[in-house]
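First comes the structure, then the notes that go with it.
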């Protein structure tokens with residue numbers, strides 16, 4: 001009886017994951033997303049004592065996923081990492097804020113933005129900037 005219950009539960013979970021997972025694919029979509037980062041600007045020098053405003057726009061026929069990550073150039077540590085909810089959007093306005101912590105010396109960082117659509121097109125952009133204590 002217990003085995004029958006567990007098998008039924010496993011089957012239900014498997015079917016649920018298949019139904020819920022994203023399988024949207026547009027055969028006519030031959031273009032990658034268009035990503036425009038407006039801030040921070042490349043090579044900006046920003047005070048670590050205030051918020052870093054991350055702004056921009058993304059457009060596509062059907063967005064799937066987006067991630068913003070900021071890393072310390074000297075040691076590779078991740079200072080900020082966020083997945084944004086863009087699923088099925090055609091336009092998305094990026095308006096995020098990162099508050100630096102434990103910045104005690106001039107710190108060179110890189111922001112990576114990765115966006116994908118349902119047709120497996122991906123666009124990446126990087127912005128290098130400096131945080132000053």
(request) Give, as residue ranges, the strands (runs of 3 or more DSSP E) completely inside segment 20-110 that count at least 1 residues that are under 25 Å from residue 129 (Cβ atoms) and in contact (Cβ under 8 Å) with a residue 40 or more places away in the chain. (result) 34-39, 44-47, 52-59, 63-72, 91-98
(request) Give the residues of segment 90-111 that are surrounded by fewer than 17 Cβ atoms within 10 Å (Cβ to Cβ), within 14 Å of the chain's Cα centre (by Cα) and farther than 19 Å from residue 47 by Cβ, sorted by residue number. (result) 93, 95
(message) Can you confirm whether residue 29 is touching a strand residue (DSSP E or B) at 6+ places or on another chain (Cβ under 7 Å), at pLDDT below 95 and under 15 Å from residue 120 (Cα atoms)?
(response) yes
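The values are calculated or read from the model by the stated rules, or taken from the named source; none is laboratory data. Predicted model only: the values in this text are computed from it and were never measured. All Cβ positions, glycine included, derive from the backbone under ideal geometry; neighbour counts span all protein chains shown.
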